[in-house]
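As structure tokens, the structure follows; a few thoughts come after it.
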Amino acid sequence: MDLETDTIRPSKLPERSIDATDRRLLGVLVEDATVSYAELGDRCALSAPAAHERVKRMRRSGAIRQTVALADPKAVGKPLLAFVHVDTKGWGKTPELMAVSSFPEVEEIHTVAGDACLLLKVRTEDTRALEGLLARLYDTPGVTSTRSYVVLSTYLERPVQPGITQDWPAPRHMANPIY
């Protein structure tokens, strides 16, 4: 089997695992990526050079993918947040459907298990703009239906957090399992 693999990027494995100190560093950086290495070190009980070296290592390994500015949706004229479930004929991730990623209103595209093929997170200036985006989706070959959920209030929205919950509480109905 002669398979051309030049365009297939191999999975990049981290050079080393993320330890508790790295998680503390990431926690500070997720909160504010503009902190100096001196302050980062102080907040994580490291010297500035040690903090800098760990951050460089995490960038090289891919644990830190990029540093970004988070724009306020209202400030950029996109106060309407909606989640759109997209149903398609066959496999949903077609090049035509992925072309909606060119619209700046589309923030995330996920293939999902469940009653939809794709889940989109979108921000628009108003319902008219959302309707225009939905019309564009319906013009896409293979799209059969959509379901939109307009967000009324947001209580928590944040980037990926480095922490891991160690002990999840058992659901009440599982407090005394039979087995």
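The values are calculated or read from the model by the stated rules, or taken from the named source; none is laboratory data. This one's a predicted model, so the numbers in the text were calculated from it and none came from an experiment. For neighbour counting, all protein chains shown are included, and Cβ atoms are generated from backbone atoms with ideal geometry for every residue, glycine included.
Which pairs have Cβ atoms under 8 Å, sit 6 or more apart or on different chains, and link a residue in region 37-51 that is without any contact (Cβ under 8 Å) to a residue 60 or more places away in the chain to one that is surrounded by 14 or more Cβ atoms within 10 Å (Cβ to Cβ) and aromatic (F, W, Y)?
A48/Y37; P49/Y37; A51/Y37
If A82 passes every condition in (1) in contact with a helix residue (DSSP H, G or I) (Cβ under 7 Å, 6 or more places away or on another chain); (2) farther than 20 Å from L133 by Cβ but one, which one does it miss?
Failing condition for A82: (2).
Can you work out which of the residues in region 46-78 that are within 17 Å of the chain's Cα centre (by Cα) and among the charged types (D, E, K, R) is nearest to P104 (Cα to Cα)?
D72
Please return the ranges of strands (runs of 3 or more DSSP E) entirely within region 56-150 where 1 or more residues are modelled with pLDDT of 95 or more and surrounded by fewer than 12 Cβ atoms within 10 Å (Cβ to Cβ).
So the answer is 106-111, 143-150.
Collect the residues in region 151-179 that are modelled with pLDDT under 75 and part of a loop (DSSP other than H, G, I, E, B), keeping them in residue-number order.
A175, N176, P177, I178, Y179
Output the number of residues of region 44-53 satisfying the condition of being surrounded by 16 or more Cβ atoms within 10 Å (Cβ to Cβ) and not aliphatic (A, V, I, L, M).
Count: 2.
Looking at region 68-96, I want the residues that are under 30 Å from L26 (Cα atoms) and have a partner that is loosely packed, with under 11 Cβ neighbours inside 10 Å with Cβ atoms under 7 Å, at least 6 apart or on another chain. Which pairs are those?
Listed by first residue and then by second, the contacts come to L81/T154.
Determine whether region 156-175 contains at least one residue that is surrounded by fewer than 16 Cβ atoms within 10 Å (Cβ to Cβ), in contact with a strand residue (DSSP E or B) (Cβ under 7 Å, 6 or more places away or on another chain) and either closer than 28 Å to D32 by Cβ or touching a residue at least 40 places away in the same chain (Cβ under 8 Å) (or both).
So far as region 156-175 goes, no, none of its residues is surrounded by fewer than 16 Cβ atoms within 10 Å (Cβ to Cβ), in contact with a strand residue (DSSP E or B) (Cβ under 7 Å, 6 or more places away or on another chain) and either closer than 28 Å to D32 by Cβ or touching a residue at least 40 places away in the same chain (Cβ under 8 Å) (or both).
If I filter region 128-141 for residues that are within 18 Å of K89 (Cβ to Cβ), among the basic types (K, R) and touching a residue at least 12 places away in the same chain (Cβ under 8 Å), do I get at least one hit?
Scanning region 128-141 turns up at least one residue that is within 18 Å of K89 (Cβ to Cβ), among the basic types (K, R) and touching a residue at least 12 places away in the same chain (Cβ under 8 Å).
Restricting attention to region 28-55, which residues are of a type outside the set (A, V, I, L, M, F, W, C) and either modelled with pLDDT under 95 or in a loop (DSSP other than H, G, I, E, B) (or both)?
Hits for region 28-55 are E31, D32, T34, S36, S47.
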